[in-house]
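Participant: Sharing a structure with you now.
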């Protein structure tokens, strides 16, 4: 490993391998910056990030537009130094919904950008909307509705684009009778025409935790993975994965990622994150099972979701860790960002900040706090080429909320 040439104390990562620790070659900006593009907006929040193979940084954020919550898109061609003006994605006469994990999501492929969000309809329910850009982010087509039920609740949605170009949306849905009135079903819809329209909605499973966002990820041989928090008998709320090998037509019975045994009479509002790197499926999640201590766990599968390695804890030394997000680097390492408090002498209730850890083989680094300059929540991560990494989050203050961006890179690039 190349030794780091300089280290910023707050953000240097310590890799753990065979009980030995050595400096990880990462450094970050000393201060975050507002995620630009909506300089005139009174507030911005719920950012989402992705980066293309060419290095174009794409960002979504919800902003205040005359008292209405509207979704906008901005892009940067200089690594986040500057962003082009924000392009409205949602319609001006509807309000985009953001609540806990029910914020918009983003997916990009070389020839398309997809924005996915929830908005109120005339029946008092949420509609799931997708808009695509086939002009590299300079304009977006008119949004299309993804859900084909008009009355039942649906929400806590996310979107992903498969290597073959198909687009998959997953969400929580209440249209079916569930074994428990306090759970929802997992639904999926696929688009085979680059987001112009979606096929019939398909139910994947019942008994999903009602406020934990499901996620979709894709394998190297056409696998489609749907990951969610399931309510098991006895109010056990653990993470499961179901796999499709036929493009989302059918899914295998769900596999429990780990036996946390988290018994909770209520929803924790915390879903999993998933990514595939080097043929390995990684899943990260928040749990308070076993010893009742909050932690972020990471587990992986080397057989397309059939079995999972025993989980490792990646949030050691932090308090109240939650809302993990995963990103994969070019060399196959996986980065885990999450929000947590960093304990200080005499104060265990400091502001929530963003921490970052990194895998090395079957181990993970000690997480280190990033400079957030305020109360930070719901991080997002995008890993680019050339050793670059970007993090975004919502920062809260007495003056409102602001979507923030922090940039880092490997020192050996």
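Participant: Can you sort 404, 99 from fewest to most other Cβ atoms within 10 Å of each residue's own Cβ?
Facilitator: 99, 404
Participant: Here is a further query. Find how much the distance from residue 302 to residue 99 grows on full extension, using 0.36 nm per residue of separation minus their present alpha carbon separation; answer in nm with one decimal.
Facilitator: Length difference between fully extended and current span is 69.7 nm.
Participant: A further question on this structure: Take 75, 56, 129 and order them by how many other Cβ atoms sit within 10 Å, fewest up front.
Facilitator: Arranged by neighbour count, lowest to highest, 75, 56, 129 become 56, 75, 129.
Participant: With viscosity set to 0.890 mPa s and temperature to 25 °C, compute the Stokes-Einstein D of the stretch 137-276, Rh being the Kirkwood radius across alpha carbon pairs; µm²/s, no decimals.
Facilitator: Using the Kirkwood radius from Cα pairs, D works out to 159 µm²/s.
Participant: Could you tell me the calculated FRET efficiency between residue 148 and residue 291, based on Cβ-Cβ distance and R0 = 45 angstrom, to the nearest 0.05?
Facilitator: 0.55
Participant: I've got another one for you. Can you tell me the length gained on complete extension of the stretch residue 235 to residue 31, counting 0.36 nm per residue apart and subtracting the Cα distance?
Facilitator: Between residue 235 and residue 31, full extension yields 69.2 nm more.
Participant: Fewest Cβ neighbours within 10 Å first, please rank 270, 120 accordingly.
Facilitator: 120, 270
Participant: According to the square roots a ≥ b ≥ c of the eigenvalues of the Cα gyration tensor, what is the shape class of the stretch 28-410, taking rounded for a/c under 1.5, prolate for a/b larger than b/c otherwise, and oblate for the remainder?
Facilitator: It is rounded, given that a/c, with a ≥ b ≥ c, falls under 1.5.
Participant: Write down the Kirkwood hydrodynamic radius of the stretch 269-413, to one decimal in angstroms, obtained as one divided by the mean of 1/r over all alpha carbon pairs.
Facilitator: 15.7
Participant: Compute the FRET efficiency between residue 193 and residue 136 as 1/(1 + (r/R0)^6), taking r as their Cβ-Cβ distance and R0 = 25 Å, and round to the nearest 0.05.
Facilitator: For R0 = 25 Å, the calculated efficiency reads 0.85.
Participant: Same structure, new question: Once fully extended, how much extra length lies between residue 259 and residue 91, figured as 0.36 nm per residue of separation less the alpha-carbon to alpha-carbon distance?
Facilitator: Using 0.36 nm per residue and subtracting the Cα-Cα distance, I get 56.1 nm.
Participant: Another one. Based on alpha-carbon centroids, what's the gap between the stretch 162-198 and the stretch 91-136 in Å, whole number please?
Facilitator: 14
Just so you know, all these numbers are worked out from the coordinates, no wet-lab data involved. Because the structure is a prediction, the values reported are computed rather than measured. Please note: Cβ atoms are built from the backbone with ideal geometry, for glycine as well, and neighbour counts cover all protein chains shown.
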